[in-house]
2 protein chains.
Amino acid sequence: MAFRPLKNYLLAPGPTAVPAEVLLRIAAPTIHHRTPQFEQVVAGVREQLKEVFQTSGDVLVLASSGTGAMEAGIVNTLSPGDPVLCVNGGKFGERWMKMARTYGLDVEELPVEWGRAVDPAAIRAALDRKPSTRAVLVQASETSTTVMHPVREIAEITRGRDTLLMVDGITAVGVTDVPMDRWGIDVLVSGSQKAFMLPPGLAFIALSDRAWAAAEKAKLPRFYLDLRRERTNLHQNTTAYTPAINLIYGLAQALGSMLEEGLPSIFARCDRLMRATRAGALAMGLRLVAPDAPSPAVTGVFVPEGVDGGKLQKYLRNTLGVEVAGGQDQFKGRVLRIAHLGYTGDFDTLVMLSALEMALSRFGVDVEFGRGPAAAQKIIAEALPAAAKS
Amino acid sequence: MAFRPLKNYLLAPGPTAVPAEVLLRIAAPTIHHRTPQFEQVVAGVREQLKEVFQTSGDVLVLASSGTGAMEAGIVNTLSPGDPVLCVNGGKFGERWMKMARTYGLDVEELPVEWGRAVDPAAIRAALDRKPSTRAVLVQASETSTTVMHPVREIAEITRGRDTLLMVDGITAVGVTDVPMDRWGIDVLVSGSQKAFMLPPGLAFIALSDRAWAAAEKAKLPRFYLDLRRERTNLHQNTTAYTPAINLIYGLAQALGSMLEEGLPSIFARCDRLMRATRAGALAMGLRLVAPDAPSPAVTGVFVPEGVDGGKLQKYLRNTLGVEVAGGQDQFKGRVLRIAHLGYTGDFDTLVMLSALEMALSRFGVDVEFGRGPAAAQKIIAEALPAAAKS
């Protein structure tokens, strides 16, 4: 038994909901990519992506998942045996590490407790100990633990050294302020199914001048992910290999919407939905996964003792139409992760909190209906403009 | 000035036209990929892809262009220094070679004149000379020269040796009979924007048992393109990394249409459109690029002396709405390539031949209207069922 009609609320930290306008744009007839018509689309997204990445450099578009772009960051800037420092505070930090090992890099792990952010002092100490470290690899937003790492502070450390800062911004770019050029990030990666309000299938990557210089010397092999070739092509408003044409139509549409809303408004919205969700969760007596350094992309909550998180997640999906993510590894069955990024509005957050209260009550948790949503409403209402009273 | 309404006929050898039903399916709301709902979609395409690839083994779906899948073939089965034999008879043969060199393989080139197919005897001789050759890399259909290489005969040579046969079937799978298991192909690759009637963004790759065995020993580094990880996930009806969800919806729809039409009917249609196009081109006095071993995916014709092929192609696109491909490298400005694969019907071929006649006349070529289409009609009509006369 489920709500009928079962309206679906996709509140996972990617894929996120895609606006109907974008879906319909994606459904436009495929045209050939080696045409002035398509090159015009690429020229448009090329400039708009720079604004979203806050860089004057090129942002390259790959037909791949975000993982492909992470790998592109590594293989384009490093050589076998290069020492790198990987911040490992969750599943995606772990992915940086596995990738770096796959390519024969000399990997130093900086382990971070799940739910906590890395301490920049630990990075400084590691780089002081090993100044030959060629790169620091970190997540801006570690999606698996709903934590925000202090990228700005880390960049202050790497900027003055011969060490690249490689940032997985998959759930950070277009969610919160990560000004690539101003902070001095060397490699910044994102993916279409996050803030970009698109289905998965595209990934984005931008390199700083010194990362491009490193690309000239990097010895790791790459072909499909060779960014020098992609850059040469981008400068002619095309791509090295056949691009995911229809997704790029959608990208043009979605970037238009993003820039019309404006980055400051998007950042404020994600921050507000994060605060509303946290307030709502606390009001229902739930414990937060990332108490101190929360990501505005996604909030993690521990499910109450005695409740099976996997079953709760399925109940939310199948009976109420609300899709949130579960926990991974040590968080499996214990955590729900609720997204704020992309095409997510204030009412989606209220829907989710209401659904969570009702679902918990069905799992035998003593819930006073309305407390979670009310706490969230309070925060959302603060952002409302005053009404004209006459 | 252009025809109004300018109806567009996409007759390039990829991207090819996408049926409206597939476009609309792609526009369905994005759902989360780690759900039983999406796993069911994957389970469906998983079985259907085996039928199209004519293999009992797994066909893996990557979020990448076809080039990504070609690279996956190399990095999953080979190790640095491995001797490989690359058949280089066009742009895509050249790509195999560049890729193999990028990864430090010991590359032997088997050059083939553009427009000609490789002679299997030359492959046999090369392998006899160097029995340690680990793989032969070849195109089934070399899209740039519109040639079909004799994969069946090549497989007869590699099958009995310790040499893998790696086939770029990007414009061959679902176009013509390339029965992977029956012929003994070890790696077979294709892409969504070809016979699969989808926009670009997905690539497919299947490995034989001995290629999977090679994958266990292969030392080339790979992460995003690691097929062992993809296979483990596919066996749970999912993918290692976030899949291109909406394109996979479209894939389910398109595979359904393909299997409903049936492979024999599709192969017969592509063959018929090739024969019709060739007959039409010859009737207009054009010379064929691949006189002896034509690909049923695409026909290449030389433009008449004195006509600029690039301008002719643009005229066809902008004035008449007919998109064909031009020539590359030595064929640039001299060749048009006209596709038969995917969602291409008999009348599309007639439209294209009519358009070509009219365009040529505007470029000052002495054309007798109707000769090209008439020659094609004759071939198409032979395939028509008899009419009930009473």
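How many residues does segment A:151-200 hold that are among the acidic types (D, E) and buried (at least 24 other Cβ atoms within 10 Å of the Cβ)? So the count comes out to 2. Number of residues in segment A:13-29 that are farther than 8 Å from A:M197 by Cα and part of a loop (DSSP other than H, G, I, E, B): the value is 6. When A:A283, A:A339, A:A279 are screened for being among the small types (G, A, S) and within 17 Å of the chain's Cα centre (by Cα), only A:A339 passes. Applying the criterion of being more than 7 Å from chain A (Cβ to nearest Cβ) and aliphatic (A, V, I, L, M) to the residues of segment B:1-13, the residue that is nearest to A:K314 (Cα to Cα) is B:L11.
Residue-wise test of (1) aliphatic (A, V, I, L, M); (2) within 29 Å of A:V18 (Cβ to Cβ); (3) surrounded by fewer than 23 Cβ atoms within 10 Å (Cβ to Cβ).
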residue: B:L225; (1), (2), (3): yes, yes, no
residue: B:L234; (1), (2), (3): yes, yes, yes
residue: B:N237; (1), (2), (3): no, yes, yes
residue: B:A240; (1), (2), (3): yes, yes, yes
residue: B:I248; (1), (2), (3): yes, yes, no
residue: B:P264; (1), (2), (3): no, no, yes
residue: B:R275; (1), (2), (3): no, no, yes
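Screening A:M1, A:M70 for residues that are touching a residue at least 40 places away in the same chain (Cβ under 8 Å), more than 30 Å from A:A126 (Cα to Cα) and out of contact with any Cys (no Cβ under 9 Å at 6 or more places or on another chain) leaves exactly one candidate, A:M1.
Of the candidates B:G364, B:G342, the single residue that is surrounded by 17 or more Cβ atoms within 10 Å (Cβ to Cβ), among the small types (G, A, S) and part of a loop (DSSP other than H, G, I, E, B) is B:G342.
Residues of segment A:103-125 being part of a helix (DSSP H, G or I) and either surrounded by 17 or more Cβ atoms within 10 Å (Cβ to Cβ) or outside the structural domain of A:P221 (by TED's automatic domain parsing) (or both), which ones? If you could, list the steps in order and put the result at the bottom.
Here is the first cut: in segment A:103-125, the ones part of a helix (DSSP H, G or I) are A:120-125.
Matches in segment A:103-125: A:P120, A:I123.
Can you say whether A:A240 is at pLDDT 95 or above, away from chain B (no Cβ under 14 Å) and not in a strand (DSSP E or B), as far as the supplied structure shows?
Working: at pLDDT 95 or above: yes; away from chain B (no Cβ under 14 Å): no; not in a strand (DSSP E or B): yes.
It is false that A:A240 is at pLDDT 95 or above, away from chain B (no Cβ under 14 Å) and not in a strand (DSSP E or B).
Could you tell me whether B:E260 is of a type in the set (D, E) and either in the same structural domain as B:V173 (by TED's automatic domain parsing) or closer than 30 Å to A:L23 by Cα (or both)? Criteria met by B:E260.
Considering only segment B:49-67, state which residues are of a type in the set (G, A, S), within 14 Å of chain A (Cβ to nearest Cβ) and not in a helix (DSSP H, G or I). Outline the logic, then answer.
Start the filter on segment B:49-67 by keeping residues that are of a type in the set (G, A, S), which leaves B:56-57, B:63-66.
Subsequent filtering for residues that are within 14 Å of chain A (Cβ to nearest Cβ) retains B:63-66.
Hits for segment B:49-67 are B:A63, B:S64, B:S65.
Considering B:T30, B:T16, which residue is closer than 26 Å to A:K314 by Cα and among the polar types (S, T, N, Q)?
Numbers: B:T16 fails: closer than 26 Å to A:K314 by Cα.
Of B:T30, B:T16, the one residue that is closer than 26 Å to A:K314 by Cα and among the polar types (S, T, N, Q) is B:T30.
Do we have A:G81 as assigned to a helix (DSSP H, G or I) and not β-branched (V, I, T) here? Spelling it out, it is not the case that A:G81 is assigned to a helix (DSSP H, G or I) and not β-branched (V, I, T). Pairs meeting the criteria (first residue in segment A:311-325 and facing chain B (nearest Cβ under 9 Å), second residue acidic (D, E) and surrounded by 22 or more Cβ atoms within 10 Å (Cβ to Cβ), beta carbons under 7 Å, at least 6 apart or on different chains) are A:R317/A:E323. In this entry, A:E39 passes the filter for residues that are over 24 Å from the mean Cα position of the chain (by Cα) and of a type in the set (D, E).
Against the condition touching a Lys or Arg at 6+ places or on another chain (Cβ under 7 Å), under 30 Å from A:I245 (Cα atoms) and charged (D, E, K, R), how does A:D82 come out, does it pass? Break it down into steps so the answer makes sense when it comes.
On the way: touching a Lys or Arg at 6+ places or on another chain (Cβ under 7 Å): yes; under 30 Å from A:I245 (Cα atoms): no; charged (D, E, K, R): yes.
Judged against the criteria, A:D82 is not a match.
If you check B:K389, B:K314 for being at pLDDT below 95, surrounded by fewer than 18 Cβ atoms within 10 Å (Cβ to Cβ) and either not aromatic (F, W, Y) or not in a strand (DSSP E or B) (or both), only one passes: B:K389.
Can you tell me which of B:G57, B:G14 is in contact (Cβ under 8 Å) with a residue 12 or more places away in the chain and farther than 17 Å from B:E323 by Cβ? Let's see the steps before the verdict.
Values: B:G14 fails: farther than 17 Å from B:E323 by Cβ.
Just a single option satisfies the conditions, and that option is B:G57.
Can you find a residue in segment A:246-261 that is within 16 Å of A:R46 (Cβ to Cβ), in contact (Cβ under 8 Å) with a residue 60 or more places away in the chain and among the aromatic types (F, W, Y)? Yes, because at least one residue in segment A:246-261 is within 16 Å of A:R46 (Cβ to Cβ), in contact (Cβ under 8 Å) with a residue 60 or more places away in the chain and among the aromatic types (F, W, Y).
Please determine whether any residue of segment B:83-93 is touching a strand residue (DSSP E or B) at 6+ places or on another chain (Cβ under 6 Å) and within 12 Å of another protein chain (Cβ to nearest Cβ).
Residues of segment B:83-93 touching a strand residue (DSSP E or B) at 6+ places or on another chain (Cβ under 6 Å): B:83-90, B:92-93.
Filter once more, keeping what is within 12 Å of another protein chain (Cβ to nearest Cβ): B:92.
Yes, the conditions are met somewhere in segment B:83-93.
Using the structure shown, decide if A:E357 is in contact with a helix residue (DSSP H, G or I) (Cβ under 6 Å, 6 or more places away or on another chain) and within 14 Å of chain B (Cβ to nearest Cβ). Break it down stepwise before answering.
Details: in contact with a helix residue (DSSP H, G or I) (Cβ under 6 Å, 6 or more places away or on another chain): yes; within 14 Å of chain B (Cβ to nearest Cβ): no.
Answer is no for this residue.
Residues considered: A:M99, A:M70. Of these, the only one that is farther than 17 Å from A:T171 by Cβ and within 14 Å of chain B (Cβ to nearest Cβ) is A:M99.
Looking only at segment B:291-302, decide whether some residue is within 14 Å of chain A (Cβ to nearest Cβ) and either buried (at least 22 other Cβ atoms within 10 Å of the Cβ) or touching a residue at least 60 places away in the same chain (Cβ under 8 Å) (or both).
Start the filter on segment B:291-302 by keeping residues that are within 14 Å of chain A (Cβ to nearest Cβ), which leaves B:298.
Retained after the next criterion (residues that are either buried (at least 22 other Cβ atoms within 10 Å of the Cβ) or touching a residue at least 60 places away in the same chain (Cβ under 8 Å) (or both)): B:298.
Yes; the residues of segment B:291-302 include at least one that is within 14 Å of chain A (Cβ to nearest Cβ) and either buried (at least 22 other Cβ atoms within 10 Å of the Cβ) or touching a residue at least 60 places away in the same chain (Cβ under 8 Å) (or both).
Screening A:R46 on (1) surrounded by fewer than 16 Cβ atoms within 10 Å (Cβ to Cβ); (2) more than 14 Å from chain B (Cβ to nearest Cβ); (3) over 19 Å from the mean Cα position of the chain (by Cα) shows it passes everything except condition (1).
From the list A:L336, A:L384, which one is assigned to a loop (DSSP other than H, G, I, E, B) and under 29 Å from A:V22 (Cα atoms)? Walk me through how you get there before you give the answer.
Working: A:L336 fails: assigned to a loop (DSSP other than H, G, I, E, B).
A:L384 is the lone residue from the list that is assigned to a loop (DSSP other than H, G, I, E, B) and under 29 Å from A:V22 (Cα atoms).
Among the residues of segment A:26-40, those identified as out of contact with any Asp or Glu (no Cβ under 9 Å at 6 or more places or on another chain), within 22 Å of B:L23 (Cβ to Cβ) and within 9 Å of chain B (Cβ to nearest Cβ) are A:I26, A:A27, A:A28, A:P29, A:T30, A:R34, A:Q37. Could you say whether any residue in segment B:362-374 is of a type in the set (A, V, I, L, M), at pLDDT 95 or above and under 30 Å from B:P199 (Cα atoms)? No, every residue in segment B:362-374 fails to be of a type in the set (A, V, I, L, M), at pLDDT 95 or above and under 30 Å from B:P199 (Cα atoms).
The values are calculated or read from the model by the stated rules, or taken from the named source; none is laboratory data. Because the structure is a prediction, the values reported are computed rather than measured. Here Cβ is always computed from backbone atoms with ideal geometry, including for glycine, and neighbour counts include all displayed protein chains.
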